[in-house]
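Worksheet: the structure to be examined is printed underneath.
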Amino acid sequence: MKFTESIFKAYDVRGISGEELTVAVARAYGRAVADYLPHQGPVIVGRDMRMDSNDLAAAVIEGLTEQGRDVWDVGLVTTDMVYFAAGRFEEMAGGIMVTASHNPGKYNGIKLVGHGSVPMGASNGLLDIKQKLIDDDFAMPADEPGTVTERSINTEWVEQILKFVDVPALKPYKIAVDAGNGMGGAIFPDLAKKLPFTVDEMYFELDGTFPNHVANPKLRETLNDLCARIREKGLDFGLAFDGDGDRGGVVDETGEPVPEYAMGAMLAAQFLKDNPGGSVVYDLRVSHLVPDVVTKLGGKAIRSKVGNDAIKTLMRQHEAVLGIEASGHYYFRDDYYSDSGIIAVMSIVSILAQSGKKLSELVREYTQGYATAEEENFEVADAAAVRERLREAFADGQQDMLDGLTVDYPDWWFNLRASNTEPVVRLNIEAKDAATLQAKRAEVVKLIGGKVHG
């Protein structure tokens, strides 16, 4: 069939709703997945609250059942719930989530995992599924179509979250939660019933147009309302979720967001306390704070290429207890090696309760001695030429090419990677203090020589 082939990304399918990602594409995708999945058994299908997610999910289900696959329709859920269910219920052949995560409302997408919640991206199946669509290469429809069973998994999911929380240690915190009109607003109330918190709900109404702000807790501007609410009401902390709920952010009692790398270090410390000598996988953009904490606590820090598939694969190879991605995804061995926004933030809350401290105090203990800049994108004509220019300029540093160019010095380091989807290079840089960071960033940016993107 003819379709916009670029909607197949490294880890999922994503494109403009109705133009690039259509009902016809979704139905064909369902047929291809039904044929491709190596395990027999039902396929879980969930969806977010975007305007056409219901139609796209229905089309995916139609394609699956046409090929004879039974389906569990779990309805409006977060992405991490689909990942969980694909692992929790052993009879499942895989799971599909219709969502474009934190992307603006005009987009939609489809995420896929296999049996046991094993990721399926470009390196292990997604390109084969794409080729099936290109070639119209489907098995004949089944003589007897598959069945569709509507099934709620909310109860099992709440039970799973609470396995990561020291519930008796929790205090009667007063908090705000910003769901950003995304799926967190549908699920958090079920969890809140089990918690001794007073919750100030913000933007819990499901609305795929995101009328209040983009649901992306990594962007500081999307947290402005939450920060203001915490300061205004003197709350203990705040939580925020992205559109499909697989990422979460935390804001301390002063109204300051907790950096993702600090969350990662706090999680690593807790999980190594519970699993002495365990392994933690982190992507190479993550602050050196994380491997420093892991090593200091006797764990094994395993450095990874950027990306969902790379992290999950290494975690399974090493049975790592935790995976940390600079983008704010956190992966948990005991949640089928999957990422979850709500497990991440509730684990931080549990750590806070056990500490007996204020969140700002706890974060400060971890972040001293690390000055980290936000990732920056630069438009360049020739990414390879830029990389070589930097490699020569910083030849006296420790270099590797695991994913782009990383150069490491005793008091600072940087990584420069070419984007897989845009004509830009991405810079991550960190130093031991703010002055060194500012000076070295200026030096690197001058050598990059490109226009700041976005």
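The values are calculated or read from the model by the stated rules, or taken from the named source; none is laboratory data. Predicted model only: the values in this text are computed from it and were never measured. Positions of Cβ are generated from backbone atoms using ideal geometry, with glycine treated the same way; all protein chains shown enter the neighbour counts. For accessibility, only protein heavy atoms count, side chains too; no ligands or nucleic acids. Shrake-Rupley method; radii C 1.70, N 1.55, O 1.52, S 1.80 Å.
For GluC sites (Glu not before Pro), the sites in segment 39-95 that DSSP calls loop and that have at most 12 other Cβ atoms within 10 Å are E90, E91. For segment 233-249 and segment 135-185, write down the distance between their C-alpha centroids in whole Å. If you average the Cα positions of each part, the centres end up 17 Å apart. In loop segments of segment 352-454 as defined by DSSP, the GluC sites (Glu not before Pro) with at most 13 further C-beta atoms inside 10 Å of their C-beta are E374.
Shape analysis of segment 309-452 yields a ratio of the Cα radius of gyration to the Kirkwood radius, Rg/Rh, of 1.03. Find me the longest stretch of the chain that has none of the exposed trypsin sites (Lys or Arg not before Pro), where exposed means in a DSSP loop (not H, G, I, E or B) with at most 16 other Cβ atoms within 10 Å. That gives 195-304 as the longest site-free run.
Summarised as an ellipsoid, segment 327-403 has semi-axes of 36, 19, 12 Å, derived from the eigenvalues of the Cα gyration tensor scaled by 5 and square-rooted, with the largest first. Rolling a 1.4 Å probe over the protein heavy atoms gives the chain an accessible area of 40 Å² per residue.
State to the nearest 20 debye the size of the charge dipole of segment 199-283 about its Cα centre, where the only charges are +1 on K and R beta carbons and -1 on D and E beta carbons.
For this selection, approximately 260 debye.
Here each label is just a point 7 Å from Cα along the line to Cβ, and for E91 and D382 those points are 6.0 nm apart. Once the C-beta distance of L402 and E5 is scaled by a Förster radius of 45 Å, the resulting FRET efficiency is 0.95 to the nearest 0.05.
With the convex hull built on the Cα atoms of segment 221-291, state its orientation-averaged projected area in nm². List each step's numbers first, then the result.
On the way: hull surface 23.9 nm².
Computed as one quarter of the Cα hull surface, the answer is 6.0 nm².
Only protein heavy atoms count here; on that basis, with a 1.4 Å probe, M92 has an accessible area of about 0 Å². Is there a pair in K2/K305; K300/K440; K2/K132; K218/K300; K9/K132 whose C-alpha atoms are over 23 Å apart, and which pairs would that be? Result: K2/K305; K300/K440; K218/K300 exceed 23 Å. Computed over protein heavy atoms with a 1.4 angstrom probe, the accessible surface ordering of W72, W413, largest first, is W72, W413. Note on D190 and T254: the model spin-label points, each 7 Å out from Cα along the C-beta direction, lie 3.7 nm apart. Here, P(r) means the percent of Cα pairs in each 5 Å bin from 0 to the largest distance; for segment 27-173 it is 2, 10, 19, 21, 20, 13, 7, 4, 2, 2, 1, 0.
Dipole size in debye (nearest 20) for the chain around its Cα centre, Lys and Arg Cβ +1, Asp and Glu Cβ -1?
Computed charge dipole of the chain: roughly 1000 debye.
By the Kirkwood approach, averaging reciprocal distances over each pair of separate Cα atoms, segment 373-438 gets a hydrodynamic radius of 12.3 Å. For a distance above 17 Å, tell me the whole-number percent of Cα pairs in segment 132-268 that qualify. So the portion of pairs separated by more than 17 Å is 67 percent. Using the Cβ atoms and a cut-off under 14 Å, what net charge is assigned to the surroundings of G63, where Lys and Arg are +1 and Asp and Glu are -1? Summing Lys and Arg as +1 and Asp and Glu as -1 gives -4. For segment 266-315, the spread of Cα coordinates along the three principal axes comes to 26, 19, 14 Å, biggest extent given first. Toward the positive end of the charge dipole of segment 244-353, with +1 on the Cβ of Lys and Arg and -1 on the Cβ of Asp and Glu, the farthest Cα among V345, S304, G248 is that of S304. Bridge orientation summary for segment 1-117: considering DSSP beta bridges with both residues in this region, about 50 percent are antiparallel. Counting pairs of Cα atoms in segment 364-406, how many percent are more than 13 Å apart? Every Cα pair in segment 364-406 considered, those over 13 Å come to 69 percent.
Dividing the summed -39500 (n - 2.57) terms of all DSSP H runs of n ≥ 4 by the residue count of the chain sets its mean residue ellipticity at 222 nm at -11000 deg cm²/dmol. In terms of its C-alpha gyration tensor, segment 74-158 has an oblate overall shape, because the principal axis ratio a/c (a ≥ b ≥ c, square roots of the eigenvalues) is not below 1.5 and a/b does not outweigh b/c. Please report the carbon-and-sulfur percent of the accessible area for the chain; probe 1.4 Å, protein heavy atoms only, DNA, RNA and ligands left out. Looking at the chain in its full context, I get 48 percent from C and S.
Taking 0.36 nm per residue of separation and subtracting the current Cα-Cα distance, fully stretching the chain between N154 and A439 would add 97.6 nm. The share of alpha-carbon pairs in segment 5-107 lying farther apart than 17 Å comes to 48%. For the chain, taking the reciprocal of the average inverse distance between every pair of different Cα atoms yields a Kirkwood hydrodynamic radius of 22.7 Å.
Under the convention that each Lys and Arg Cβ holds +1 and each Asp and Glu Cβ holds -1, the size of the dipole of segment 211-360 around its Cα centre is about 420 debye. Per residue, the convex hull spanned by the Cα atoms of segment 184-341 amounts to 124 cubic angstrom.
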